[in-house]
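The values are calculated or read from the model by the stated rules, or taken from the named source; none is laboratory data. Just so it is clear, the structure is predicted and the values come from calculations on it, not from any experiment. Note that each Cβ is placed from the backbone with ideal geometry, even for glycine, and that neighbours are counted across all protein chains shown. For accessibility, only protein heavy atoms count, side chains too; no ligands or nucleic acids. Shrake-Rupley method; radii C 1.70, N 1.55, O 1.52, S 1.80 Å.
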Amino acid sequence: MKIKVLGALNAEVNGVSIVPTAGKPRQILALLALYPGRIVPVPTLMEEIWGTDLPQSSLTTLQTYILQLRRMLGTAMGPDVPGSAKDVLATRYGGYLLQIPTEAVDVYAYERLVAEGRQAFDDGEDEHASLRLREALALWEGPALVDVRVGPILDIEVMRLEESRLVARERRIDADLRLGRHVELISELTDLIARHPQHEGLHSQAMVALYRSGRQASALDIYRRLRQRLIDDLGVEPSPQLQRMHQAMLAVDPRLDVVAGPRRSSTFDLYAA
């Protein structure tokens, strides 16, 4: 079995999709897929499907959804496969689980690559860090579970995954900045700060990329527009860290330049208190 959650939900056995068309069974499959080999308790599944307003027939209905999933799974497995659908989508005391290896779900491959990339970054191996993080991000085919109507449990998981995706992208950009790829990053960062208009880390990266590309005025303009937005929307000034970076650009601080040798932090972090 192969399952994808980083984009539209996709689950296949022997090349046959086992993703149901009905919304609630899709939610159940998605939630079980996020915890391969682990029991998902019945109350958790019920909360995902119905929230706190459980119908009287909730347990019977849940069992019906599980049966529908098993039928689709059994059809895809075929008669010649050892074991049965009940062995794969198993019942355990208090809940259900998908008995599949973690590597069958794309999110676990993603998290492994991210961990390798972060370790390489911390070790100053920027080329390796950039490569691993690019491989991790390439597994995404759209917003997580984009075609699944998520309830309260999946909503938290989707937010966690999307935040992880953004952090991984930030770290990959940090590695690329340390490798001197500032010109190539300008377009990507321009798009990112438009999508995340109050995100100081991304704005700092855009400022550095422009500054190193000989576009000091554009870098300072990004700071000016972000500062005005923060004041207008939240009534706050940029963080002291970003203010120090801004002053460093005005002073043409050499620490903003690409420096040979290992740099075990982002340029933004150089201006942390």
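Computed over the alpha-carbon atoms, the range 61-144 gives an Rg to Rh ratio of 1.19, Rh here being the Kirkwood radius from the mean inverse distance. Computed on protein heavy atoms with a 1.4 Å probe, the accessible areas place Thr267, Thr21, Thr91 in the order Thr21, Thr91, Thr267, largest first. Each distinct pair of alpha carbons in the range 1-157 adds a 1/r term; the inverse of their mean, the Kirkwood radius, is 16.7 Å. Taking a point 7 Å from the Cα of Leu270 along the Cα-to-Cβ direction, the residues of the range 210-233 with backbone N closer than 11 Å to it are 212.
Using a Förster radius of 35 Å, what is the FRET efficiency between Ala90 and Val236 based on their Cβ-Cβ separation? Nearest 0.05, please. Computed FRET efficiency for Ala90 and Val236 comes out at 0.10. What aspartates and glutamates could a cross-link reach from Lys24, if we take a straight Cα to Cα line under 19 Å and drop same-chain neighbours fewer than 8 places away? By straight Cα distance, Lys24 reaches Glu12, Glu47, Glu48, Asp53, Asp147, Asp155, Glu157.
Per-residue accessible area (protein heavy atoms, 1.4 Å probe) orders Lys4, Lys24, Lys86 as Lys86, Lys4, Lys24, starting from the largest.
Rolling a 1.4 angstrom probe over the protein heavy atoms with all chains in place gives the chain an accessible area of 50 Å² per residue. Principal semi-axes of the equivalent ellipsoid, √(5λ) from the alpha carbon gyration tensor of the range 46-92, are 27, 9, 8 Å from largest down. Using only Cα coordinates, the Kirkwood hydrodynamic radius of the range 131-200 works out to 13.6 Å. Sorted from longest to shortest, the spans of the Cα atoms of the range 114-260 along the three principal axes equal 49, 40, 23 Å.
For the range 177-273, carbon and sulfur atoms together expose 52% of the accessible surface, with a 1.4 angstrom probe and every protein chain in place. Convex hull volume of the Cα atoms of the chain, normalised per residue: 159 Å³. Phi-derived couplings, Karplus 6.51 cos²θ - 1.76 cosθ + 1.60 at θ = phi - 60°, listed residue by residue for the range 226-232: 5, 4, 5, 5, 5, 5, 5 Hz, with x used for Gly and Pro. Across the accessible surface of the range 16-94, with the other protein chains kept in place and a 1.4 Å probe, carbon and sulfur atoms take up 55 percent.
The GluC sites (Glu not before Pro) of the range 83-170 that DSSP puts in a loop, and whose beta carbon has at most 15 other beta carbons within 10 Å, are Glu141. Extension gain for the segment Ser17 to Leu250, taken as residue separation times 0.36 nm less the Cα-Cα distance, is 78.1 nm to one decimal.
Taking 0.36 nm per residue of separation and subtracting the current Cα-Cα distance, fully stretching the chain between Asp122 and Gln216 would add 31.0 nm. Of Ser239, Ser266, the order by accessible heavy-atom surface (1.4 Å probe, DNA, RNA and ligands excluded), from most exposed downward, is Ser239, Ser266. Separation of the range 103-182 and the range 1-30, taken as the distance between their Cα centroids, equals 22 angstrom.
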